[in-house]
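Quick notes on the structure that follows.
Nothing in this text is a laboratory measurement; each read-out follows from the coordinates by a stated rule. Fair warning: this is a prediction, and the values are worked out from it, not measured in the lab. Glycine gets a Cβ as well: all are built from the backbone with ideal geometry, and neighbour counts include every protein chain shown.
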Amino acid sequence: MISIATWNINSVRLRIDQVERFLAQEAPDVLCLQEIKCTADLFPREVFQRLGYGHIAVHGQKGYHGVATVSRLPLSETARHDWQDNGDGRHIGVDIPSAGIFLENVYIPAGGDIADRTANPKFGQKLDFLERMTVWSKGLAKTPNRPTLLVGDFNVAPLEADVYNHKALLKVVSHTPIEVETLARLAAAHDWVDLGRKHIPAPGRNYSWWSYRSYWRDKDQGRRLDHMWASPALAARSTEHKLVEETRKWDQPSDHIPLITRFDA
C-alpha cells in the first residue's frame, strides 16, 4: 500500500512547522506541495530529509508559485511542463518505480477576479493552461498502461456540491460555467477518475479551501479547489481518500487543506 498527499501550502518556508506536524501525524509516503514560493536552492530540504523524506523534486520560483514532491520512496523526475508558456514553476512530474505510479504535481493558475479573458488576461491564461493540459492528457491516453496520478490545486470547483452556494458563485472565478466546461474537457481527455468524488460522492461535503477574507469556521464558505485524479487502471487501486481539515484550524494556516489517497500495491 502507498499513501500520497497533496497540499497547497502557500509558502513552504513560512509553514514548515505545519508541514512537519502534518507529516508526523499522517505519515504519507509521498507529499506533493504547491505554491511553495521559493527557488529550489531555498527549499528546506534538510527538514524533509530529517523526517525521512529524502527523495525530493522541486520546480521552484522566487516569491511565487512553485511545486515540489517529497517522498520516502525513491523517485526520478520525468518532466516540467510550462503549460502557461511563461516560465512559471507550476508542474513537476516524477516516476515512483516501487509504487508503479507516475505522479504529476500541478498548480493551475487562479485566474484573477474577473471571469472575462478580454478584461482580465489572467483568466484567459488559466483557460489556455487547461487547454494545453488537455492536449497533454490526450497524449497520455495513447499509453493507457501508464498508471498516472494527477494532483494539485486546480483552482476550479466543478460540481454544484463543490461550493457552499452554487447560484451565488456562478459568476465567481473558480466556479464559472466556462471553467467547469474547460476542466471537463481535461477530464475526458484521459478518462481521468476524480478520486475525491469516487470516495466521497456528490453531494457529500469535501471542501478543500476557505478564503482568508471570511471567518471560515462560522460560515463554512468552502470550495473544492484541490483534486487528485487517476488514470482508470490506477483509480481501481485506490482504497481510501480523506481530507485533513484540522490543518485549517492551526495557527496561521494555509487557506488550503491536505488531501490523502491510499492505493493498493
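Label separation (residue 138 vs residue 205): 4.1 nm, computed from points 7 Å beyond Cα along the C-beta direction. Between residue 131 and residue 181, the simple spin-label model (points 7 angstrom out along Cα→Cβ) gives 1.2 nm. Here the chain carries DSSP beta bridges of which approximately 80% are antiparallel, counting only pairs with both residues inside. Near the amide H of residue 65, within less than 5 Å, lie the amide hydrogens of 37, all on another chain or at least 5 residues away, with H placed in the peptide plane.
Legend: calculated FRET efficiency, residue 51 to residue 118, from the Cβ-Cβ distance at R0 = 45 Å, rounded to 0.05, equals 0.45. As a test of understanding, state the convex hull volume per residue of the chain from its alpha carbons, in Å³. Roughly 118 Å³ of hull volume per residue.
Non-local lysine pairs in the chain, meaning eight or more places apart or on different chains, with alpha-carbon distances under 16 Å, amount to 5.
The calculated FRET efficiency for residue 40 paired with residue 168, based on their beta-carbon distance and R0 = 35 Å, is about 0.30.
If only the Cβ of Lys and Arg carry +1 and only the Cβ of Asp and Glu carry -1, the dipole of the chain around its Cα centre is close to 160 debye.
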